[in-house]
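The values are calculated or read from the model by the stated rules, or taken from the named source; none is laboratory data. Here the structure is a predicted model, which is why all the values come from computation and not from measurement. Methodologically, a virtual Cβ is constructed for each residue, glycine included, from the backbone with ideal geometry; neighbour enumeration extends over all protein chains shown.
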Ligand SMILES: Nc1ncnc2c1ncn2[C@@H]1O[C@H](COP(=O)(O)OP(=O)(O)OP(=O)(O)O)[C@@H](O)[C@H]1O
Ligand SMILES: [Mg+2]
């Protein structure tokens with residue numbers, strides 16, 4: 001649904017986006033992850049046809065962002081990272097304004113506005129002025145705005161920034177709902193854990209270049225160069241250490257009080273030997289747990305903290 005081909009943006013001497021190539025399939029929720037200044041906003045603006053690429057191109061729902069601008073605009077809903085100011089406009093007027101801009105007939109607009117307000121949980125604010133909304137509500141209104149023309153593809157630039165925990169959770173639920181509705185979503189963030197439970201694919205960008213992309217699970221596998229198992233014993237951690245040290249599957253052991261962090265061979269399918277070995281040597285085991293790599297770990301493994 002989104003096909004990005006060697007997309008590049010040069011600002012004078014700075015290459016903000018450097019030959020980015022990414023495919024997002026229909027119905028995917030693609031998490032576009034990168035540190036500040038990585039090139040996320042620049043990429044999204046090019047996809048939204050608001051910024052002209054220096055090189056490369058992209059297709060959205062089959063339309064070229066360089067040559068079929070009007071078609072692209074029709075199929076996308078773009079939520080910018082900053083909310084513009086609209087004085088003296090009521091919530092419904094704001095949405096009506098955008099619906100009109102998308103050439104939706106007056107007769108259909110009322111129903112559409114009610115629907116998107118309901119979806120974003122803003123129905124009670126319909127007659128309020130936009131400037132009187134809280135930040136989280138403005139954010140949701142901004143998302144409501146991107147939905148008025150029922151786009152297939154959503155480009156959301158850090159929609160959760162500045163939201164309190166409750167608002168973040170609500171936003172997450174809303175995004176899940178949009179996924180159920182069959183939308184294809186590209187969402188940027190530098191807060192990784194926020195994306196992990198609803199994105200099925202991710203791309204990590206740093207200094208304008210794509211470091212890795214694909215299904216979260218596959219990336220985790222590729223990157224988990226280490227497999228770590230955390231062991232806690234009731235007492236005598238040295239005995240546990242010596243017992244595990246003898247096992248060929250064990251590469252290294254780090255000690256922290258009664259806790260041991262055991263690195264096992266990647267090809268070791270079954271780590272139950274750890275528990276068995278310890279028990280056989282008379283160690284009292286409190287717990288054995290494999291440490292799962294989360295998005296945060298993936299991010300730290302891939303990015304080197306370089307800022308342009
Ligand atoms: N209009 C511009 N002119 C010159 N340089 C720009 C312009 N817009 C962005 N840049 C530079 O391009 C790089 C990428 O910026 P971009 O806003 O795309 O990053 P980002 O990944 O969205 O970061 P953040 O997480 O902070 O939003 C930065 O180094 C930025 O300074
Ligand atoms: Mg940005």
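Annotation: of all residues in the range 74-94 being within 16 Å of ligand 2 (Cβ to nearest atom) and in contact (Cβ under 8 Å) with a residue 24 or more places away in the chain, the one that is farthest from residue 24 (Cα to Cα) is 83.
In a residue-by-residue description of the range 168-183, the property of being closer than 26 Å to residue 75 by Cα and within 16 Å of ligand 2 (Cβ to nearest atom) applies to no position.
Under 23 Å from the mean Cα position of the chain (by Cα), on the phi > 0 side of the Ramachandran plot and either loosely packed, with under 15 Cβ neighbours inside 10 Å or at pLDDT below 95 (or both): does that describe residue 121? Working first, answer last.
Numbers: under 23 Å from the mean Cα position of the chain (by Cα): yes; on the phi > 0 side of the Ramachandran plot: yes; either loosely packed, with under 15 Cβ neighbours inside 10 Å or at pLDDT below 95 (or both): yes.
Yes: the conditions hold for residue 121.
Scanning the range 150-182 for residues that are under 14 Å from residue 119 (Cα atoms) and not in a helix (DSSP H, G or I) returns 150, 181.
Within the range 16-28, restricting attention to residues that are surrounded by fewer than 17 Cβ atoms within 10 Å (Cβ to Cβ) and part of a strand (DSSP E or B), the residue that is nearest to ligand 1 (Cβ to nearest atom) is 19.
Remark: pairs (first residue in the range 149-164, in contact (Cβ under 8 Å) with a residue 24 or more places away in the chain and at negative phi; second residue part of a loop (DSSP other than H, G, I, E, B) and within 12 Å of ligand 1 (Cβ to nearest atom); Cβ separation under 6 Å; 6+ apart in sequence or on different chains) = 157/80; 157/81.
Selection over the range 34-56 of residues that are within 16 Å of ligand 2 (Cβ to nearest atom) and in contact with a strand residue (DSSP E or B) (Cβ under 9 Å, 6 or more places away or on another chain) gives a count of 16. Given the condition more than 16 Å from ligand 2 (Cβ to nearest atom), closer than 18 Å to residue 145 by Cβ and not in a helix (DSSP H, G or I), answer yes or no: does some residue in the range 65-73 qualify? Within the range 65-73, none of the residues are more than 16 Å from ligand 2 (Cβ to nearest atom), closer than 18 Å to residue 145 by Cβ and not in a helix (DSSP H, G or I).
Entry remark, the range 34-64: residues being part of a helix (DSSP H, G or I) and under 16 Å from residue 15 (Cβ atoms) number 6 in total.
Residue check: residue 31 meets all listed conditions (1) within 16 Å of ligand 2 (Cβ to nearest atom); (2) in a strand (DSSP E or B); (3) closer than 25 Å to residue 104 by Cβ but one, namely (3).
Taking the condition out of contact with any strand residue (DSSP E or B) (no Cβ under 6 Å at 6 or more places or on another chain), away from ligand 2 (no atom under 16 Å from the Cβ) and without any contact (Cβ under 8 Å) to a residue 24 or more places away in the chain, does residue 116 pass? So residue 116 fails the test.
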